[in-house]
Structures are given as C-alpha cells and as structure tokens.
Amino acid sequence: MGGGNPIPVDVRIIAATNVNLLQMLEQGTFREDLYYRLHVIPIEIPPLRERKADIPALARHFVELYAHQQERKVPRLAREFMAALVQSDWPGNVRELQNYVERVLAMTPGDTLYPNPPPRHPGSEPSVPRRQRGMRLADIVKELECSAVSDALERTRGNQSLAARELGMTEQSLRYRVRKYRLADARRNQRTRRNR
C-alpha cells in the first residue's frame, strides 16, 4: 500500500456470511462494488436442518476426531444417539453439532455414546446468568471459571483427570484452580452432609 511499483501477487479470497447480501444491497446497507467483487463463484450451503442426511457422517467424523484427540478408542454411536441428532434442528448448524458431540464424548467414559444430555430443541436457548451491573471483568471471569471447574468435577464425580480433559486443560492447571477456589473443601463438606 502506498508504493509506486506494482508487485505481482497470486491470492484467492474466500468470503462467507450468514446474511442475505443481495437483500442488504437492495436496502443500501452493503456496498455494491464490494458485492460484485466478492460475488464471482457463489456457493450456497443450506442450514443443517435442511440437509439432515449429512448429520450421521458429520457426527461420526467428529467422534473419530475427538476420540483421537483424547487418545481413546472410538466409541460406538447408540441408535438413540443418532436419532436424537437427526431430530434436532441445530440452529447453530455444524458448529453446534460439533460442540455437542465433543461435550457428550468428554462426559461419557464408556464405549457407547448416548444422547445425554440431549441436544437442545428449538426455543430452548441456554439461559445465561445475568451479571450485576458494575461487576469487574476479573470477578466475572473468576465466577465463570469457578463454576465451570466445579460443574466438571461434579459430572466426573471428583475425577480430576477426566474433569481436566473435559475442560481442555492440564491436570496441574485444574488442581491449581481447585486449590484457588477451595473446591476440594466444598466437595468434602458436601460429602459429609450427604453421609449425615
């Protein structure tokens, strides 16, 4: 930029969007010259709910991918698991399916995957806890981190190795947070109350 000599380059630009650019062009909210620069070979990919035949192959691919990452045997997909995947509308498309498969795989130590927890259905958006106004970012991060570690330990019945794997961190990092937030004491007190 700003030079006086031409420099030959060989580039290919791939642009993606989830909005209707033609409609935005007609409304005057998208530049016409940019639209025609990008609109050379358009490829339309319909949402996952309109191509449910792709879901089984995608699910198997993600299971194999994450099983390899977790250094474990590729589990079998139960009939109920595949049925739940195909019945869901996946408003978040392939990324949501990918995250769901990764989550179920991390939470299932056995050799067969079941739809537990089930995929969310249309209209069941996950509730995001409201934060108090004026909360500092550091406090929000601390609260979320503590909650995520605590939930993972609860799901894995206190197995720090599984919890660390589920959260994508080392056991050492997880143990540091357990000490930092005194989660071991909280779980010990919880067990004591249950035994009473």
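Quick check on the range 37-47. Is at least one of its residues outside the structural domain of residue 93 (by TED's automatic domain parsing) and assigned to a helix (DSSP H, G or I)? Yes, the range 37-47 has at least one match. In the range 100-110, is there at least one residue being over 16 Å from residue 72 (Cα atoms) and either modelled with pLDDT of 85 or more or assigned by TED's automatic domain parsing to the domain that holds residue 183 (or both)? Scanning the range 100-110 turns up at least one residue that is over 16 Å from residue 72 (Cα atoms) and either modelled with pLDDT of 85 or more or assigned by TED's automatic domain parsing to the domain that holds residue 183 (or both).
The values are calculated or read from the model by the stated rules, or taken from the named source; none is laboratory data. Computed from a predicted structure; not experimentally measured.
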